[in-house]
Every structure is written in C-alpha cells, then in structure tokens.
Amino acid sequence: MHDKSVFRHRLLPYLLVAPQLIITLVFFIWPAGQAFYQSFRVEDAFGFSTEFVWFENFIYLLSEPEYWTSVRVTAVFSGLVAVSGMALALLLAVMADKVVRAGRFYQTMLIWPYAVAPVVAAILWVMLLNPSIGIITYWLSKLGYQWNYVANSGQAMTLVVIASVWKQISYNFIFFIAGLQAIPRSLIEAAAIDGARPFRRFWQIVFPLLSPTAFFLLVVNVVYAFFDTFAIIHATTQGGPGNTTKTLVYKVYSDGFVGLDLGSSSAQSVLLMIMVIALTVVQFRYVEKRVQY
C-alpha cells in the first residue's frame, strides 16, 4: 500500500495546476516584471517619450527626505497595527474561549468585522471620529479632549491604526481561537492541580503552544500593514496631514497615479517589495527560532 497519487493521463496534473499558474503569472509575475522594467525609465506625464536612465530613479528616491519620512511612518504604523492587533485578538480569543454559555454567539460576533470591506471600515471610523459630527468626538469633547484628526498628525495616525486594527482583528481572532481550542485541556488541568495560577498557566503552557500560530499571524499582519491598508488610509486621511500618515504603499499610488511620475513610483514598488521580502526572511531567520512546534 502506498499513498502516492497516480494520474492515468499525463496532462491531467498540468491541467490541474494551470489555473493557479496563470493567475500567478498574470497578476504577480507580469506586473512585477513591468514595475522592475519601468523603474529604470523616465517617462513624461502623457507617455509620449521615455528614456532609459539606469539607477537614477533609485538614487533620486533615496536622497529624497519625503521618502524617508514615509519609511518612518510605515515602520511606526506597521508596528502599531501588528502588535496591537495581535494582542487584542489574543485577549478576545482567551476571553471567548472561557465563555461557557452562548460561546458560539460571541465568537460569531467577533468574526463578523472580517466580512467588512476596508473602505467601509474606514468610513465607519471616519463617521465616528469626524471632528464635526462624530459621536465619539462629541463624547471626547464632554471629557475636555479636543479631537480633530484633520489638523493633528498624532490623532490622524491614531485613526488609521484603529481602523486598520479593527478590520484585521477578526482574522487574528479566528486563528487564535482555533489554536486555543486545539490545546489539550488535560495539560492545563494538570497545571492547575499542581497549583499554577492562571497567568502562569497561560505564559508557560498556553502561549508556547500558540507560538506557531502567533508567528504565522506576525508575518501576515506585517504584510497586511504594508499593503492591504491602502484603502483605509485613502478613505480616512489620504496621507495627511502633512504626509504624516503617508505610508510607502500610499506614496507609490500618490506619485504614480496622482503625480504621474511612473519611474519613481515603479522604483518605490521595487524597493517596497525588497523590504517586505527582507523583513519576512528576518522573521523566519530569527523569530522562528523562538517558535515551539
């Protein structure tokens, strides 16, 4: 008896993988190749003339202070979204896992925000925190705190972080609750019988067993903060005020589609791709050593 799959027709395995290969080729390989090629060219805004300039786009970009401002904004924004999103999701998962009655109801309610589109999530928080008509803004003013994210850079960053974390927290919750429910109850009960308190049981038993899930979510959340938060930033602050919420992916859009500087935009795309690949390699190289499988 063997578990090796056998295809009677030689072309069948190639036909089965062909749709995924075509999608990868059309929506990733080809656009990435075009961006790489375009990053070595300078093109006028109307596309009538182009010039091959080698690495001039990269040299100019790395000497531009605005680009390094976007790098710092992206680093702060990604750290806040990844850490706070995972911490809150883990807290909610632990609390939901302990609920005995109506546990499925609470878990379903916590998963619902994942079905909301990023733009809808952004508009929801813009309405709640609008400087003129937001209900949360009204409550904050009653407490003596003036909220105006349009003029305050710190409040603008807070708004995009809240909207991004709220959108992603359901995704993290699904994996954490699944990881918690896969941990044998006998281990926790044995520790409780030995006199271990709840915090010690969680830190020394539950959290190490959740480390593969946490590591996976760390990689996913960093990639999410780098790429998938574009719609939230565009619908809330559009990179303002004063470029204080303009992340790297939003600067790619701003320079390429608004400023029509396709060469610089393509160079930024290539650098952004290199950054994410390097960050992922570092995570697998160093962070994965602390994961207990």
Net lengthening on full extension, LYS98/PHE55 (0.36 nm per residue, minus Cα-Cα)
9.8 nm
Would you mind working out the accessible area per residue for the chain, using a 1.4 Å probe, and quoting it in Å²?
62
Expressed as a whole-number percentage, the relative contact order of the chain with C-alpha contacts under 8 angstrom and at least six residues apart is 28
Could you name the aspartates and glutamates in cross-link range of LYS251, using Cα to Cα under 20 Å and dropping any fewer than eight places away on the same chain?
GLU43, ASP44, GLU56, GLU64, GLU66, ASP228, ASP261
Tell me, rounded to the nearest percent, the portion of alpha carbon pairs in the chain spaced more than 26 Å apart.
59
May I ask you to list, by number, the DSSP H helices of the chain whose Cα span along the axis is at least 20 Å and whose average Kyte-Doolittle hydropathy reaches 0.5 or more?
65-98, 153-181, 207-223, 262-286
May I ask for the distance between the Cα centers of the stretch 215-274 and the stretch 21-65, given as a whole number of Å?
16
Neighbour cut-off at most 14 other Cβ (10 Å), DSSP loop, trypsin sites (Lys or Arg not before Pro), the stretch 1-79
LYS4, ARG8, ARG10
Efficiency of FRET between PHE7 and THR108 - r from beta-carbon atoms, R0 45 angstrom, step 0.05:
0.65
May I ask you to compute the full-extension gain from LEU62 to ALA117, defined as 0.36 nm times their residue separation minus their alpha-carbon distance, rounded to one decimal in nm?
16.4 nm
Between PHE257 and ILE22, Cβ-based FRET efficiency (R0 35 Å, step 0.05) works out to 0.85
Across 10 Å bins from 0, what is the distribution of all Cα-Cα pair distances for the stretch 32-183, in whole percents?
9, 24, 24, 23, 13, 6, 1
Report the full-extension gain for the segment ASP194 to PHE284: residue separation times 0.36 nm, less the Cα-Cα distance, to one decimal in nm.
28.9 nm
If you keep only loop residues by DSSP, which chymotrypsin sites (Phe, Trp or Tyr not before Pro) in the stretch 102-164 have at most 11 other Cβ atoms within 10 Å of their Cβ?
TYR145
Let a ≥ b ≥ c be the square roots of the eigenvalues of the Cα gyration tensor of the stretch 134-293; is it rounded (a/c under 1.5), or, if not, prolate (a/b larger than b/c) or oblate?
oblate
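The values are calculated or read from the model by the stated rules, or taken from the named source; none is laboratory data. Bear in mind that the values here come from a model prediction, so they are computed numbers and not experimental data. Cβ sites come from the backbone with ideal geometry, for glycine too, and all protein chains shown count toward neighbours. Side chains are part of the model used for accessible areas, which takes the heavy atoms of the whole protein and leaves out ligands, DNA and RNA. Shrake-Rupley method; radii C 1.70, N 1.55, O 1.52, S 1.80 Å.
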